[in-house]
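Right, one structure below, let's go through it.
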Amino acid sequence: MHVASLHCYPIKGCRGHAVPSVSIDGLGVVGDRRLMLVDERGRFLSQREAPSLATIATAIDGASLTVSVGDAVLRHDVSPAGAQRSVVVWGEQMLAVDQGDAAAAWFSAVIGQPCRLVFFGPTSLRRIDPEFSPRDDAQTAFTDGFPLLGVVQESLDALNTRLDEPIPMARFRPNVVVAGAPAWSEDGWGALALGDVTLDAVKPCARCVVTTTDQLTGQRHAHQEPLRTLASFRNQRPFGAIFGQNLVPRGPGTIAVGDAITMV
C-alpha cells in the first residue's frame with residue numbers, strides 16, 4: 001500500500017491540483033483550504049450552490065496565489081493580517097482575514113454573485129467535532145469538517161465498474177489517494193503511518209451533490225451520478241452515501257507520492 005497521489009485545494013470549493021509532496025501542520029495540508037469565498041452574510045460558498053467554482057483553477061506558492069478561469073487571471077499576495085470579518089462554515093462562526101476589494105471584485109465577476117475572499121488567519125480557530133475528534137485540541141481550517149480526506153484507488157475502480165461512464169478521482173476531491181489496497185478497505189482504517197506522519201481515520205466521508213459535478217466544466221451530471229449509484233450500495237447510517245475516510249494528523253511532517261503506508 002502506497003501514496004498514489006496528493007492533492008491541494010487552496011480555496012474551498014475551487015479546483016485543486018496534484019502535488020508531489022505536502023507538508024502537514026496542525027490544520028492538515030499546508031495551503032489547503034486556508035482560503036474561502038463567503039457571501040454577503042459571511043456564509044461559506046461551495047460547489048453545492050455555486051458549481052462554477054470548479055472552473056476556477058488555483059495554485060499557491062507560499063503567500064502567492066494565482067487563480068484563473070480561461071484568460072481571466074488574478075494574482076494575489078495572501079495577507080495574514082488585516083481587516084477581520086466573521087464567517088460561518090456549517091453553522092460554526094469564526095474570524096477570518098478579509099483579502100480586500102480587488103480580490104472580491106474578481107471573484108464576484110467570475111461566479112456572478114457578490115462575494116469576498118477570506119483567509120484562515122493566526123487568530124482563526126475551528127475545532128473538530130468532539131464526537132469524532134481523536135484529541136481535545138484537534139483543529140481544521142475551512143474544510144467541511146476534518147483536516148484531510150483519504151481515498152483508495154481500488155474503491156474508485158470498483159465503483160466505476162457499476163457506472164455507465166467511469167469518473168475520475170477528482171470528483172471526490174481527496175488529499176491522499178492510496179493504491180495497492182483492496183476496494184473499500186478504508187472502512188477498516190484506524191491509523192495510518194505514511195512519510196513521517198501518522199493520521200487517525202476518524203469518520204467515513206459522507207458524499208453530496210459535489211460528486212456529480214464535473215471538476216473541469218462545473219456541469220452537473222444529468223442523472224446524479226456517481227452519487228445515485230454510490231447510495232445504492234454504500235449507504236451507511238447515519239452518514240448516508242460514503243466514499244473515503246476523514247483523517248486527522250497526530251503531528252507535523254511531510255508526505256510524498258510513493259511513500260509506503262502501514263497500519264498503526
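When 40, 92 are compared by accessible area at a 1.4 angstrom probe, the order from most to least is 40, 92.
In the context of the full protein assembly, residue 127 retains an accessible surface of approximately 110 Å², using a probe radius of 1.4 Å and ignoring ligands and nucleic acids.
Placing +1 on the Cβ of every Lys and Arg and -1 on the Cβ of every Asp and Glu, with nothing else charged, gives the chain a dipole about its Cα centre of roughly 460 debye. In vacuo Debye scattering of the chain, one point per C-alpha: log10 I(q)/I(0) at q = 0.11 Å⁻¹? Log-scaled intensity ratios, in q order: -0.58. Accessible area per residue for region 65-179, computed on protein heavy atoms with a 1.4 Å probe, is 46 Å². Charge tally for residue 118 (other residues, Cβ to Cβ under 12 Å; Lys, Arg +1; Asp, Glu -1): +4. Among 175-181, 79-85, sorting by the average number of other beta carbon atoms lying within 10 angstrom of each residue, highest first, gives 175-181, 79-85.
Largest to smallest in accessible area, the residues 214, 71, 157 fall in the order 71, 157, 214 (1.4 Å probe, all protein chains included). With the whole protein complex present, residue 165 retains an accessible surface near 130 Å², based on a 1.4 Å probe.
For the chain, the relative contact order is 25 percent, taking Cα pairs closer than 8 Å that sit 6 or more residues apart in sequence and dividing their mean separation by the residue count.
For residue 257 and residue 30, what does the FRET efficiency come to when R0 = 25 Å and r is the distance between their Cβ atoms, rounded to the nearest 0.05? So, using R0 = 25 Å, E works out to roughly 0.95.
Only helices enter this figure: runs of n ≥ 4 DSSP H residues, each worth -39500 (n - 2.57), summed and divided by the residues of the chain, yield -2500 deg cm²/dmol at 222 nm to the nearest 500. Please work out whether region 36-77 counts as rounded, prolate or oblate from its C-alpha gyration tensor, where a ≥ b ≥ c are the square roots of the eigenvalues and a/c under 1.5 means rounded, while otherwise a/b larger than b/c means prolate and anything else oblate? Oblate. Electrostatic bookkeeping for residue 92 treats Lys and Arg as +1 and Asp and Glu as -1; over the other residues with beta carbon under 10 Å from its beta carbon, the sum is +1. Classify region 46-191 from the C-alpha gyration tensor, please: rounded if a/c falls under 1.5, else prolate or oblate depending on whether a/b exceeds b/c. Judged from the Cα gyration tensor, region 46-191 comes out oblate (a/c at least 1.5, b/c at or above a/b).
At a threshold of 8 angstrom on Cα-Cα distance, excluding pairs fewer than six apart, so keeping six or more, what relative contact order does region 166-264 reach in percent? 38 percent. Extension gain, residue 183 to residue 235, is 17.2 nm, computed as 0.36 nm per intervening residue step minus the present C-alpha separation. The C-alpha atoms of the chain define a longest principal axis, and helix 101-111 lies at about 50 degrees to it.
Here the Karplus relation 6.51 cos²θ - 1.76 cosθ + 1.60, evaluated at θ = phi - 60°, turns the backbone of region 128-141 into coupling constants of 6, 3, x, 5, 10, 6, x, 8, 5, 9, 5, 10, 9, 9 Hz, with x for every Gly and Pro.
Expressed as a whole percent, the accessible surface of region 99-196 that belongs to carbon and sulfur atoms is 51, based on a 1.4 Å probe.
Shape class for region 119-264, computed from the alpha carbon gyration tensor (a ≥ b ≥ c): prolate, with a/c not under 1.5 and a/b above b/c.
Taking every protein chain into account, the accessible area of region 10-51 amounts to 34 square angstrom per residue (probe 1.4 Å). Of 48, 237, 171, the order by accessible heavy-atom surface (1.4 Å probe, DNA, RNA and ligands excluded), from most exposed downward, is 237, 48, 171.
The values are calculated or read from the model by the stated rules, or taken from the named source; none is laboratory data. All values reported here derive from a predicted model rather than from experimental measurement. Note: ideal-geometry Cβ built from the backbone for every residue, glycine included; neighbour counts use all protein chains shown. Calculation scope for accessible area: heavy atoms of the full protein, side chains included, ligands and nucleic acids excluded. Shrake-Rupley method; radii C 1.70, N 1.55, O 1.52, S 1.80 Å.
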